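*Asks:* What follows is a single structure, and I will ask about it in a moment.
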């Protein structure tokens, strides 16, 4: 389980009134921030996004409930967080470097160490050479970079960002988002988690590993879910637009039940294109793995082809197929067998089929979808034409037929399905060859 950095337990925020009533801003809320996540908090205006963020940082005490920092009450421990604000909030009379050093100076750090750390962070955010400039000399995007540098120079465990791109023009904001994500993914940022408050739905889906959407009157969590789309994320992808539409419905239909999260948000198949299946047969894959075992589990592909008197173009599809299935790895021209590949090569035929079946379903999208389609059909059959039409969107007609031919070969070998060539239909394995007891039933009913 990832380490929990901040945890809110039944936190509320309300303001007492002379009439003994109270205005409740945040309803009792549970929330956590874990190591290694970018969390986006969305909500309509007035839903209490910034209020909730201030309670999580320790800047504001909850009216009820408790916030914990590494499982210790936040009010009684030192909290290592930083905040990037919507407004640039720079000291206009200080240079860029002095603005960044200001927080280190407040912590009592000596001048040499302040200078060293501030220059390093300015370089990280792309401001090397601007350390002597004043804020008025910088563009909006560059001023926000100074804000990033100042927040990050203290090496916070959690970086909070309160609508940090909303004051920027569209292109500058997009550029800064991309750079932030790149620094995060490259582990260049000296922080363990990012919590970003935003009103921009696409921004949240582009950046976040997890999205929390608040309702209002009072503020409350309406949905909290993980985003499993891989980076870089494509705004035009179906899974992306489905998530945007889902969040939009949650935000614009506050009184309706929370809609169901679209399958595409968590379905790895929805965000992947079909792999080009190498045209290799299972027997050829098994033979290659056996040869590699005799070569102490590793060999140069070109040398191996020469030893076997193969043309390299004939060997490469077999190598690619074994790599796709996870039976070997290829690095700088060397093929090395994996533990699964070793087990496959050394096993009896039934165990080989079992290992191949698992590898095929785990690693080959087309085979996985054929199996799923068969499982959902009451008659256990699906027309080949369905998958032909799907593949035809990505491959030429000739290649589509070859892809289907390879998929059928692999699926039959692994006993994932049968294929009736006469009717051009995929079938669950038992459909084409009825079990003996089914045949007996047929004979009894027919009187034969």
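Derivation of every value follows stated rules applied to the coordinates shown; laboratory data play no part. Not measured: the values here are computed from a predicted model. Cβ atoms come from the backbone with ideal geometry, glycine included; neighbour counts cover every protein chain shown.
*Asks:* Relative to the longest principal axis of the C-alpha atoms of the chain, give the angle of the C-alpha long axis of helix 349-363, reported between 0 and 90° and rounded to the nearest 10°.
*Replies:* So the helix axis and the longest Cα principal axis differ by about 40 degrees.
*Asks:* Still on this structure, please answer the following. Counting pairs of Cα atoms in the stretch 191-256, how many percent are more than 14 Å apart?
*Replies:* 59
*Asks:* Then there's this: Please give the helix 238-252 orientation as an angle from the longest Cα principal axis of the chain, in degrees from 0 to 90, rounded to the nearest 10.
*Replies:* Orientation of helix 238-252: about 40 degrees from the principal axis.
*Asks:* For the chain, what does the helix formula give at 222 nm: sum of -39500 (n - 2.57) over DSSP H segments with n ≥ 4, over the residue count, nearest 500 deg cm²/dmol? Don't jump to the answer; show the numbers that get you there.
*Replies:* Working: 17 runs with 194 residues, N = 448.
Helix-only estimate at 222 nm: -13500 deg cm²/dmol.
*Asks:* I would also like to ask the following. In Å, what is the Rg of the alpha-carbon atoms in the stretch 282-351, and how long is Dmax?
*Replies:* Considering the stretch 282-351 through its Cα atoms, Rg and Dmax are 11.0, 34 Å.
*Asks:* Now for a different question. Mean-square fluctuation check for the chain, GNM, Cα pairs under 10 Å: which of 429, 190, 44 is largest?
*Replies:* Highest fluctuation of the listed residues: 429.
*Asks:* Roughly what % of DSSP beta bridges within the chain run antiparallel, to the nearest 5?
*Replies:* Here the share of antiparallel DSSP bridges comes out near 65 percent.
*Asks:* Just to be sure I understand the curve: with the Debye formula and one point per C-alpha of the stretch 254-379, what is log10 I(q)/I(0) at q = 0.10, 0.21, 0.22 Å⁻¹?
*Replies:* Results for the stretch 254-379 at q = 0.10, 0.21, 0.22 Å⁻¹ read -0.41, -1.20, -1.27.
*Asks:* Right, here's the next one. If you average 1/r over all unlike Cα pairs in the stretch 366-432 and invert the result, what Kirkwood radius do you get in angstrom?
*Replies:* 11.9
*Asks:* Tell me the relative contact order for the stretch 72-135 as a rounded percent, counting alpha carbon contacts under 8 Å between residues six or more apart.
*Replies:* The normalised contact order for the stretch 72-135 reaches 42 percent.
*Asks:* Turning to a different aspect of this structure: Over all distinct alpha-carbon pairs, what is the Kirkwood Rh of the stretch 4-270 in angstrom?
*Replies:* On the way: mean 1/r = 0.0511 Å⁻¹.
Every distinct Cα pair counted, the radius reaches 19.6 Å.
*Asks:* Just to confirm the number: angle between the C-alpha axis of helix 397-413 and the first principal axis of the chain, 0 to 90 degrees, nearest 10?
*Replies:* The two axes meet at around 80 degrees.
*Asks:* Mind ranking 69-80, 5-16, 192-203 by how tightly packed they are, going by the mean number of other C-beta atoms within 10 angstrom, highest first?
*Replies:* Working: 69-80: 13.8, 5-16: 17.7, 192-203: 21.2.
Those peptides, ordered most packed to least, come out 192-203, 5-16, 69-80.
*Asks:* Let me ask you something else. Can you give the FRET efficiency for residue 80 and residue 182, using 1/(1 + (r/R0)^6), R0 = 25 Å, r = Cβ-Cβ distance, to the nearest 0.05? Intermediate values should be presented prior to the final figure.
*Replies:* Details: r = 24 Å, r/R0 = 0.95.
Approximately 0.60, to the nearest 0.05.
*Asks:* Could I ask something else about it? Sort 246, 134 so the one with the fewest other Cβ atoms within 10 Å of its own Cβ comes first.
*Replies:* Placing the least packed residue first, the sequence is 134, 246.
*Asks:* Out of (1) -0.67, -0.79, -1.26; (2) -0.82, -0.92, -1.20; (3) -0.62, -0.78, -1.52, which label holds the value of log10 I(q)/I(0) by the Debye sum over Cα atoms at q = 0.09, 0.10, 0.14 Å⁻¹ that was computed here?
*Replies:* It is the value labelled (2).
*Asks:* Along Cα→Cβ, 7 Å out, is where each label goes; now give me the distance between the ones at residue 4 and residue 350 in nm to one decimal.
*Replies:* Modelled inter-label distance: 4.7 nm.
*Asks:* Run the numbers for residue 70 and residue 399: contour at 0.36 nm per residue of separation, minus the present Cα-Cα distance, in nm.
*Replies:* Gain on extension, residue 70 to residue 399, equals 112.9 nm.
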